[in-house]
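Inspection log for the structure reproduced underneath, given as structure tokens.
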Amino acid sequence: MPLTVRQFPCLSDNYGFLIRDEASGLAACVDTPDAEAILDQLAQTGWTLSLILNTHWHPDHAGGNEALKTATGAQIVGPAEVRRIAPLDREVVHGDSVQLGETRFDVIDVGGHTLGHVAFHAPDEAVAFVGDALFTLGCGRMFEGDAPQMWAGLQRLAALPDETLVYCAHEYTAANARFALSVDDDPALTARTAEIFAARERGEATVPTRMGLEKGTNPFLRAPRLAARLGLSGAADHEAFAAMRAAKDAFKG
Ligand code: ZN
Ligand code: FE
């Protein structure tokens with residue numbers, strides 16, 4: 001049975017996601033960037049929120065938990081680190097699964113941006129909600145984890161089927177594309193960035209993306225192949241990733 005995804009911009013550059021399992025009519029939101037915006041979307045759709053899925057503890061992902069819990073009584077599911085700032089009803093770790101009606105989400109450890117960051121993957125629907133772990137042509141900053149941890153998490157995402165629709169939590173794609181072009185001249189990337197700049201000119205979202213597209217063009221997933229460009233021939237994969245992350249952090253494009 002299908003899963004309906006309703007994506008909407010909120011805060012300065014976040015995306016909020018309301019999802020509905022059509023078999024049961026049950027609805028959830030992925031992260032709580034802005035409780036008011038989510039309540040407004042619920043009012044527009046007439047959906048009743050029964051579940052909140054948190055990817056990580058940052059305020060633009062869990063900051064609306066308390067207000068939404070009060071307003072809807074929804075159950076909140078996420079990694080333990082969410083308790084640093086917000087209420088949580090059920091802690092999940094890598095390998096757990098969460099059910100929304102007939103839709104099953106597998107919890108994937110993608111720590112690195114924050115230590116406990118998780119992604120939610122619905123294999124039967126070929127969709128994944130990845131928070132700030134992976135972005136269209138980018139990845140999250142490595143605030144809490146180290147490169148081996150974050151690289152391992154990204155490899156878990158890269159192992160998902162190519163057709164997987166990947167919902168990332170921010171619209172950072174134009175800046176990511178400018179950086180990608182500075183480290184990679186692969187024709188597939190050049191073509192894709194042209195499409196991205198045109199889409200952004202038209203005000204269109206570049207989320208969701210597809211895992212296969214990211215594997216072919218995302219400079220962080222391609223870091224081992226681009227290592228020579230970073231002066232790192234013979235480096236371990238996670239070292240190439242760390243160098244790519246450092247280059248992006250310093251990039252002023
Ligand atoms: Zn974050
Ligand atoms: Fe964020």
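The values are calculated or read from the model by the stated rules, or taken from the named source; none is laboratory data. The structure displayed is predicted, hence computed values, not measured ones. When we count neighbours, we look across all protein chains shown, and the Cβ atoms used for this are built from the backbone with ideal geometry, even at glycine.
Which ones in the range 139-150 are within 13 Å of ligand 1 (Cβ to nearest atom) and either free of Cβ contacts under 8 Å to residues at least 40 places away in the same chain or in contact with a Lys or Arg (Cβ under 7 Å, 6 or more places away or on another chain) (or both)?
Within the range 139-150, 140, 142, 143, 144, 145 meet the criteria.
What number goes with the only condition from (1) touching a residue at least 60 places away in the same chain (Cβ under 8 Å); (2) more than 16 Å from ligand 2 (Cβ to nearest atom) that residue 168 does not pass?
Failed condition: (2).
Report yes if some residue within the range 137-152 is modelled with pLDDT of 95 or more, within 19 Å of residue 205 (Cβ to Cβ) and away from ligand 2 (no atom under 14 Å from the Cβ); otherwise report no. Break it down stepwise before answering.
Start the filter on the range 137-152 by keeping residues that are modelled with pLDDT of 95 or more, which leaves 137-152.
Now drop any that are not within 19 Å of residue 205 (Cβ to Cβ), which leaves 137-140.
Remaining after also requiring away from ligand 2 (no atom under 14 Å from the Cβ): 137.
Yes, some residue in the range 137-152 is modelled with pLDDT of 95 or more, within 19 Å of residue 205 (Cβ to Cβ) and away from ligand 2 (no atom under 14 Å from the Cβ).
Tally up the residues in the range 167-192 that are among the aliphatic types (A, V, I, L, M) and over 20 Å from the mean Cα position of the chain (by Cα), please.
Residues meeting the conditions: 5.
Considering only residues that are of a type in the set (Lys, Arg) and surrounded by fewer than 20 Cβ atoms within 10 Å (Cβ to Cβ), which ones fall in the range 201-226?
Across the range 201-226, the qualifying residues are 202, 210, 215, 225.
Do any residues in the range 49-60 that are over 25 Å from residue 21 (Cβ atoms) and within 9 Å of ligand 2 (Cβ to nearest atom) have Cβ atoms under 6 Å from those of residues that are modelled with pLDDT of 95 or more and of a type outside the set (S, T, N, Q), where the two are at least six apart or on different chains, and which pairs are they?
Hits for this filter: 60/11; 60/33.
Taking into account only those residues within the range 23-48 that are farther than 19 Å from residue 98 by Cα and acidic (Asp, Glu), which is surrounded by the fewest Cβ atoms within 10 Å (Cβ to Cβ)?
36
Out of (1) surrounded by fewer than 20 Cβ atoms within 10 Å (Cβ to Cβ); (2) more than 13 Å from the chain's Cα centre (by Cα), what's the single condition that is false for residue 150?
(1)
Among the residues of the range 1-13, write down those that are polar (S, T, N, Q) and either crowded, with 19+ Cβ neighbours inside 10 Å or over 25 Å from residue 135 (Cα atoms) (or both).
Result: no residue meets the conditions.
Identify, from the list 198, 169, 180, 191, the residue that is away from ligand 1 (no atom under 16 Å from the Cβ), crowded, with 24+ Cβ neighbours inside 10 Å and not hydroxyl-bearing (Ser, Thr, Tyr).
Result: 180 is the single residue among 198, 169, 180, 191 that is away from ligand 1 (no atom under 16 Å from the Cβ), crowded, with 24+ Cβ neighbours inside 10 Å and not hydroxyl-bearing (Ser, Thr, Tyr).
Among the residues that make up the range 188-200, is at least one of them of a type in the set (Asp, Glu) and under 25 Å from residue 250 (Cβ atoms)?
No, every residue in the range 188-200 fails to be of a type in the set (Asp, Glu) and under 25 Å from residue 250 (Cβ atoms).
May I ask you to list pairs of residues, at least six apart or on different chains, whose Cβ atoms are under 6 Å apart, with the first in the range 108-136 being surrounded by fewer than 23 Cβ atoms within 10 Å (Cβ to Cβ) and the second being part of a strand (DSSP E or B) and aromatic (Phe, Trp, Tyr)?
122/105
Filter the range 49-79 for residues that are surrounded by fewer than 23 Cβ atoms within 10 Å (Cβ to Cβ) and within 16 Å of ligand 1 (Cβ to nearest atom); which is nearest to the chain's Cα centre (by Cα)?
Ranking the qualifying residues of the range 49-79, first place goes to 60.
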